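Visitor: Dropping the structure in here first, questions after.
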Amino acid sequence: MGFYSDSISKISSQAFPLAPKGDLVKIKTVDERHYGDVVKPHDINEVSESFADVLKKSVEKVNDLEVNADTLTQKLVFEPNSVDAHQVMIASEKARIAVTFTKTLVDGVIKAYKDLSNLR
């Protein structure tokens with residue numbers, strides 16, 4: 001028999017325990033630091049401000065993706081050796097997907113608002 005079949009027979013003949021035993025470590029869970037820092041809003045306006053900030057940051061990220069794609073496209077036109085075509089295509093597709101997703105969300109919000117206003 002060859003080396004390969006000898007090593008397989010050695011591996012298959014070894015006994016592996018079904019329940020491996022290791023070091024048992026007890027964890028003390030009475031310390032308040034174990035629960036993490038949970039920050040609860042104290043005012044209703046804090047929640048709405050944070051949502052507005054998140055929404056604003058998301059729209060800014062979409063805008064940054066568009067600006068990056070436009071910049072790379074312009075570089076490709078004026079300085080073709082400075083960027084690769086695949087970088088331009090990836091940036092353009094990221095921007096297109098982000099804009100499409102944002103437009104879909106806006107359309108959904110507008111439709112929901114119209115549906116709620118027509119419930120009267």
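Visitor: Report, in listed order, any pair from Lys56/Lys111; Lys61/Lys103; Lys57/Lys111; Lys56/Lys103; Lys57/Lys103 with a Cα-Cα distance greater than 19 Å.
Guide: Lys56/Lys111; Lys57/Lys111
Visitor: How large is ³J(HN,Hα), in whole Hz, for each residue of the stretch 84-95 in order, when computed from phi with the Karplus curve 6.51 cos²θ - 1.76 cosθ + 1.60 and θ = phi - 60°, using x for Gly and Pro?
Guide: Result, ordered by residue: 8, 5, 5, 5, 5, 5, 5, 5, 5, 5, 4, 5 Hz.
Visitor: Label Val99 and Gln74 with points 7 Å out from Cα along Cα→Cβ: what is the distance between them in nm?
Guide: Those two pseudo-labels are separated by 1.6 nm.
Visitor: If R₀ is 41 angstrom, what is the calculated FRET efficiency for the pair Gln87 and Leu119, using the beta carbon separation as r and rounding to 0.05?
Guide: According to the calculation, E is roughly 0.25.
Coordinate-derived values only; no laboratory data. Remember, it's a predicted structure, so these values are computed and weren't measured experimentally. Heads up, the Cβs are rebuilt from the backbone with ideal geometry, glycines too, and the neighbour counts pull from every protein chain shown.
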